[in-house]
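Report on the following structure.
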Amino acid sequence: MDDFLWWRDGVIYQIYPRSFNDTNGNGLGDLAGITARLGYLVELGVDALWLSPFYPTPDADFGYDISNHVDVDPRFGTLDDFDKLVEESHKKGIRIILDLVLNHVSDQHAWFQESRVDDTNPKHDWFLWQDQIPNNWESVFGGKAWTYDKKRGQYYYHMFVKEQPDVNWRKAEVRKAQMDVVRFWLERGADGFRLDVFNVYFKDDQLRNNPKKFGRRAFERQHHIYDGDQPEMESVLEEMRAMLDEYPERYAVGETFFATREKIKRYNRAGRLHAAFDFEYLWSKYKPEKFLKAIENWESLAEEANIFPNYVLSNHDTPRPATRYGKGEDDGRIKIVMAMLLTMRGTPFLYYGEEIGMRDISLKRSEIMDPPGIKYWPFNKGRDGCRSPMQWDDSMNAGFSKTKPWLPVHPNHKKRNVKNQQKDENSVFNFTRKLIALRKEYKTLRQGDIIPFTEMPKDMMAYLRKSDDEEILVLLNFSKKKKKITLPKMSWEVLFSETRNDISGNTIMLSTHEVLLLKKK
Ligand code: GLC
């Protein structure tokens, strides 16, 4: 573990706090709930937690509309609870990554409340105000991106819902106030940040129209040239990075909105962000060749950008992998994608519940809470499905809360829950836990090269993880059919298998959805 760098070599676990563990009995998870489950996270073996927003919020976008960036929403706890969480996590060697949402604030935020009063107040230009709608910009969640504010008698810009006005990053005072937010959390012990849609902080200074293109929804019918990715962003990243570097081993990963190769290279070079998300892998079809393509693209891009890749199977914005790839309650395919994630050359990100194969809940139209789901149902059912309460045990509300949770628990919690899976040697939980432990033990799995085998039978994936003194072969049978494989002519020993202790000869039969890791003797 000599050169183990937590954010590169560790496993990062995303928690959507309101759905993890409720200790104050209000049906919403809270910070104390996370602290109470640190033992579980140590058992699983994760190295860092990325916490989705827990700041005060009126919930127009469930926490991503923040009314005070430097406090904790009382429903989720207090700043003391945050301090306790940091302290306890650090004692256990777990780092804390916060979600920084600095593109927009809630319309209930004091800055916006002041700004909307008139066009002379000290914060009058902290947001993007215009007398008339100046251009064709659209909101991501539907409708025009400009909304008329009666109080002020002008239009303001919002990339997301109208309750999320975008701040004016060109204003020096705004920039300073935002940097103070970063400093506030660094001083309180945060180890890193996930930057929410950071690359749209700045918009074109002349507010020009975006060129049109073909697409389904109005937002997709534009090239987003002028409502984001302005050159000014680069100096902000440099300023943030310099601040991070004042503290030891701090980290920032960017959610690049509409990521392209060019954007990732631009924002993730030396002196800017440590890491970026790439969503090609997440959105891959359940086919080895599609995953391999995504891996190849990410590998070459990461090399060009000089960053370490990371891999994600889902987050709070996407359906869970078990829902996208799984068939009923069968976990064969889940183990395949989990094994792939944990044996990649790239930092694995897990989304809470993935380690027990949680499925999305399905909701009736009347139960939907997420703004895009309300707007676009049934074409887009929103993101509530993947945000259901963590399934701890088979009790009422799955051990998540003593009261009715904010979103329904999945009916499969009677069987699919942490408690059951901890007891079952073959559960997704134990499978995940063992692979995380192997990743920790073998540097080759963390940092070794990845060499995919291209001549493979249909639905088979194989790659070698290789370092100077070690070779680990990963074999994944994506299908239900048995696969006959001829191994490279060397002697191999079993490093991980749910069914075998050893192999004989160089031709082996892989069973349904088998995962096999072999180490060169
Ligand atoms: C990011 C978040 C998403 C949120 C949006 C607006 O994409 O991941 O949940 O709705 O930003 O803040």
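The values are calculated or read from the model by the stated rules, or taken from the named source; none is laboratory data. Bear in mind the structure is a predicted one, so any value in this text is a computation, not a measurement. Positions of Cβ are generated from backbone atoms using ideal geometry, with glycine treated the same way; all protein chains shown enter the neighbour counts. Ligands, DNA and RNA are excluded from the accessible area calculation, which covers all protein heavy atoms including side chains. Shrake-Rupley method; radii C 1.70, N 1.55, O 1.52, S 1.80 Å.
Can you confirm whether ASP107 is part of a loop (DSSP other than H, G, I, E, B) and surrounded by 22 or more Cβ atoms within 10 Å (Cβ to Cβ)? Explain how you work it out, then say what you get.
Details: part of a loop (DSSP other than H, G, I, E, B): yes; surrounded by 22 or more Cβ atoms within 10 Å (Cβ to Cβ): yes.
Against the criterion (part of a loop (DSSP other than H, G, I, E, B) and surrounded by 22 or more Cβ atoms within 10 Å (Cβ to Cβ)), ASP107 qualifies.
Taking region 361-411 as the region of interest, how many residues are open to solvent by less than 60 Å² (accessible area, probe 1.4 Å) and assigned to a helix (DSSP H, G or I)?
11
Please state which one of SER362, SER388 is within 16 Å of the ligand (Cβ to nearest atom) and modelled with pLDDT of 95 or more. Reasoning before the result, please.
Working: SER362 fails: within 16 Å of the ligand (Cβ to nearest atom).
After applying the criteria, what remains is SER388.
Looking at region 240-257, which of its residues are surrounded by 15 or more Cβ atoms within 10 Å (Cβ to Cβ) and either away from the ligand (no atom under 16 Å from the Cβ) or not assigned by TED's automatic domain parsing to the domain that holds TYR311 (or both)?
Filtering region 240-257 for residues surrounded by 15 or more Cβ atoms within 10 Å (Cβ to Cβ) gives 240-241, 243-244, 250-257.
Within region 240-257, MET240, ARG241, MET243, LEU244, ARG250, TYR251 qualify.
When you scan region 146-167, how many residues do you find that are open to solvent by less than 30 Å² (accessible area, probe 1.4 Å) and either within 24 Å of the chain's Cα centre (by Cα) or assigned by TED's automatic domain parsing to the domain that holds GLY373 (or both)?
Qualifying residue count for the region: 8.
Being open to solvent by less than 30 Å² (accessible area, probe 1.4 Å) and within 22 Å of VAL312 (Cβ to Cβ) is the filter here, so list the residues in region 15-45 that pass it.
Those that are open to solvent by less than 30 Å² (accessible area, probe 1.4 Å) and within 22 Å of VAL312 (Cβ to Cβ): ILE15, TYR16, PRO17, ARG18, SER19, PHE20, GLY29, ILE34, TYR40, LEU41, LEU44, GLY45.
If LEU207 satisfies every condition in (1) touching a residue at least 60 places away in the same chain (Cβ under 8 Å); (2) in contact with a His (Cβ under 8 Å, 6 or more places away or on another chain); (3) more than 16 Å from the ligand (Cβ to nearest atom) but one, which is the exception?
For LEU207, the failing item is (2).
Determine which member of the set ARG221, ARG216, ARG272 is surrounded by 13 or more Cβ atoms within 10 Å (Cβ to Cβ), away from the ligand (no atom under 16 Å from the Cβ) and farther than 24 Å from PRO165 by Cβ. So that I can check it myself, show each step before the final result.
On the way: ARG221 fails: farther than 24 Å from PRO165 by Cβ; ARG216 fails: surrounded by 13 or more Cβ atoms within 10 Å (Cβ to Cβ).
The unique qualifying residue is ARG272.
Checking LEU475 against (1) over 24 Å from ILE356 (Cα atoms); (2) surrounded by 17 or more Cβ atoms within 10 Å (Cβ to Cβ): exactly one of these is not met. Which one?
Here LEU475 clears every test but (1).
Please verify whether ASP73 is more than 27 Å from GLY39 (Cα to Cα), surrounded by 22 or more Cβ atoms within 10 Å (Cβ to Cβ), in contact with a Pro (Cβ under 9 Å, 6 or more places away or on another chain) and among the acidic types (Asp, Glu), treating the condition exactly as stated.
Numbers: more than 27 Å from GLY39 (Cα to Cα): no; surrounded by 22 or more Cβ atoms within 10 Å (Cβ to Cβ): yes; in contact with a Pro (Cβ under 9 Å, 6 or more places away or on another chain): yes; among the acidic types (Asp, Glu): yes.
No; evaluated as a whole, the condition is false for this residue.
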